[in-house]
Amino acid sequence: MAGKVVNALSASFSEYEFVEGDDDDKLRTVIEASNPIIPWIDPSVLKLRHRIGRGAFGDVWLATYQCSTKDYDQYHEVAIKMLHPIKQDAMRTLLDKFGDLYSKCQHVNNICSLHGISIISGRICIVMKFYEGSVGDKMTRLEGGKLPFPNVLRYGVILAQGISELHSKGILVLNLKPFNFLLNGTDQAVLGDIGIPYLLLGVSLPSSDTTHRLGTPNYMAPEQWRPEIRGPLSFETDSWGFACSIVQMLTGVVPWHGKSADEIYDLVVRKQEKPLIPSGLPPLVENFLLGCFEYDFRCRPLMKDILRVFKSLEIGGEDVVHWTVSNKKSSNTASDYKEWFLSKDCLQVGDEVRSRKPPRSCKPENMDVPEGNVVGSTDEDGFVLVRVSGIHDPLRVHVSRLERVTLGLAAGDWVRLKEEDKRHSPVGILHSIDRDGTVSVGFIGLETLLKGSCSEFQMAESYCIGQFIRLKSNVLSPRFDWPRKRGGIWATGKICWILPNGCLVVKFPGRLSIQEESGEFLADPAEVEVVSFNNCPGLMKKYQHLEDFHWAVRPLVVALGLFTAMKVGFFIGKKIRRSKAGRRSSSIHSEVQHMDEQTDGSPAWVPPPVANILFREGAAPAR
Ligand SMILES: Nc1ncnc2c1ncn2[C@@H]1O[C@H](COP(=O)(O)OP(=O)(O)OP(=O)(O)O)[C@@H](O)[C@H]1O
């Protein structure tokens, strides 16, 4: 082993690109000045031994940490996460965030303990406790690469506890996977790689690839790919990664095995596909996995919900041994599927409520409760009593049909910032409102939810799937690419999906597109306006809007027009011919009559063509 020991300062790092001219001492001063909470570890006491692994965010090294006292020296094995080079201007932000992470992680159970921070050759090094292996390593040693169900449950409970605790402190993990589930000497799982992607959130990295991808593609939720556009990131983002890890532990197969990052992006983000859920699982687990793979994170369970499910199965005890999981796809449908969003806001007596709008819809399905107050709950599961003005007795309504309204706002409402911030769109979607008026809102341009007071916002126009929209006339350079019609005017598109930050996913059924594979465009809600027959002035504009419904409308109308023109032409032609023939026959007629009078009434002299005309037109030769 000793031979492998490498002095951190003199190590040959030819395989890495270092930030040239960086001075470790200067960086050390920055670290110490910027955040006194973070324990600084002198690089001279760290000896790198060998690299354990290399990931998107840096390399992990096994190292020796020399702790010296007056009397003796102690050597500890530590793991060092050496981050990829970071630009100087981003250093302070990152260190501030690390300081916050470090202090919040103190006393959290079941997570890898952090020793401190150091700088080696210009690269930030996070020094942490070393563990002998990970769940991922253990799986590779097993036949079929999968773990028995009781083991998955045992690891799952411990990890969910750790993640849940981190969430309660506002930390997202964003990189949950079996190789980051470390194992201690007693086969207890510990969460490693805590919050590294979260630290790098918003920090400009040398590789644009990693900037746009915060995590490992196989385990990434849809909103994790470009969170400032498809986000925001939320606690439920970790539920997706956790569920991917559970599926992998149960089946031994990495989600989206053998697919490239681009292919995974296409499947998860564009096609809204979910990782395969194996069959043969307890219904509770199957339901939680289904919930974790919801495209819209608001419909996924939170880590505390997952923990509850896992704990309830653990209490089930012996039974879990008998669950045999098969790699075949589960046939579970959404019919018995729990709606997790309901567990996120429990109604209380005194709450103002109204009928719940279906997600991404503009109108409530019913208006049973346009405005009411919860006055009590019934013993039956999920029902509350609501007093509605004008109705004598309180109504008994299921909570799933109600939404809480606080200070005029409810989760899912569209809101506009009273004072615009250039960094993001002014229009967003309200994700939650506390009873004291504290809100969290998702905006295009922000990677995470914006927290604030409801007084900073006002109601905005809402959008729903199926509406037609076009760019406002005053928008000259839109946030996202937008197609134009013939003549250069902005095309009108149809909303086919609404992302949790209010970003509109738009298709253009009126355009026959071959260029864009998916034909999908994005729109900032602040830059568009709704187009409908009612707001199209004049017949021409109304017809133009009809063309937006399908690209075939125009050719069909043109074909119909041509056909009608041909028909009319043919009809008029026929008419003209008929009237001409009529005129000619009557003149011939009179001529014949005239000749008859001259030739004693014999028609024998009439030339055959004229006779033909006369007979075809039904005119009998005069006798
Ligand atoms: N504290 C630790 N003790 C022991 N091994 C660790 C520790 N932290 C990480 N590892 C191991 O180091 C290896 C590489 O980890 P790392 O997190 O860099 O890789 P990755 O997860 O593939 O990449 P990234 O997290 O950058 O996307 C993994 O196999 C992991 O199990």
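Being farther than 26 Å from residue 158 by Cβ and small (Gly, Ala, Ser) is true for just one of 113, 44. Which residue is that?
After applying the criteria, what remains is 44.
Consider residue 474 carefully, then state whether it is at pLDDT 95 or above, assigned to a loop (DSSP other than H, G, I, E, B) and not assigned by the TED database to the domain that holds residue 409.
For residue 474, the condition - at pLDDT 95 or above, assigned to a loop (DSSP other than H, G, I, E, B) and not assigned by the TED database to the domain that holds residue 409 - is not met.
Just give me the residues in segment 70-128 being in contact (Cβ under 8 Å) with a residue 24 or more places away in the chain and hydroxyl-bearing (Ser, Thr, Tyr), in sequence order.
93, 102, 103, 118, 121, listed by residue number.
Consider only pairs whose beta carbons are under 8 Å apart and that are at least six residues apart or on different chains; among these, list those whose first residue lies in segment 519-545 and is more than 29 Å from residue 561 (Cβ to Cβ) and whose second residue is of a type outside the set (Ser, Thr, Tyr) and in a helix (DSSP H, G or I).
Listed by first residue and then by second, the contacts come to 520/270; 522/229.
Just give me the residues in segment 483-499 being surrounded by fewer than 22 Cβ atoms within 10 Å (Cβ to Cβ), of a type outside the set (A, V, I, L, M) and not in a strand (DSSP E or B), in sequence order.
Listed by number, the residues that qualify are 483, 485, 486, 487, 488.
With part of a strand (DSSP E or B), farther than 27 Å from residue 495 by Cα and in the same structural domain as residue 369 (by the TED database) as the only criterion, which of 405, 397 stands out?
On the way: 405 fails: farther than 27 Å from residue 495 by Cα.
Every option except 397 fails the conditions.
Select from segment 57-77 the residues that are hydrophobic (A, V, I, L, M, F, W, C) and either surrounded by fewer than 19 Cβ atoms within 10 Å (Cβ to Cβ) or away from the ligand (no atom under 16 Å from the Cβ) (or both) and write down the one among them that is farthest from residue 37 (Cα to Cα).
The selected residue is 62.
So if I check each of 273, 286, 228, 236, which one is part of a loop (DSSP other than H, G, I, E, B) and among the acidic types (Asp, Glu)?
Working: 286 fails: part of a loop (DSSP other than H, G, I, E, B); 228 fails: part of a loop (DSSP other than H, G, I, E, B); 236 fails: part of a loop (DSSP other than H, G, I, E, B).
Going through 273, 286, 228, 236 in turn, the sole match is 273.
Filter segment 127-161 down to the residues that are among the acidic types (Asp, Glu), within 16 Å of the ligand (Cβ to nearest atom) and assigned to a helix (DSSP H, G or I) and list them by number.
Result: 137, single match.
If residue 83 satisfies all but one of (1) within 16 Å of residue 127 (Cα to Cα); (2) hydrophobic (A, V, I, L, M, F, W, C); (3) more than 16 Å from the ligand (Cβ to nearest atom), what's the number of the condition it fails?
The number of the failed condition is (3).
Does segment 187-199 hold any residues that are more than 10 Å from the ligand (Cβ to nearest atom) and either surrounded by fewer than 23 Cβ atoms within 10 Å (Cβ to Cβ) or under 18 Å from residue 84 (Cα atoms) (or both), and which are they?
Within segment 187-199, 187, 188, 195, 198, 199 qualify.
Is at least one residue of segment 446-463 of a type in the set (Phe, Trp, Tyr), touching a residue at least 24 places away in the same chain (Cβ under 8 Å) and not in a strand (DSSP E or B)?
Within segment 446-463, one or more residues are of a type in the set (Phe, Trp, Tyr), touching a residue at least 24 places away in the same chain (Cβ under 8 Å) and not in a strand (DSSP E or B).
The values are calculated or read from the model by the stated rules, or taken from the named source; none is laboratory data. No experiment lies behind these values; they were computed from the predicted model shown. Note: ideal-geometry Cβ built from the backbone for every residue, glycine included; neighbour counts use all protein chains shown.
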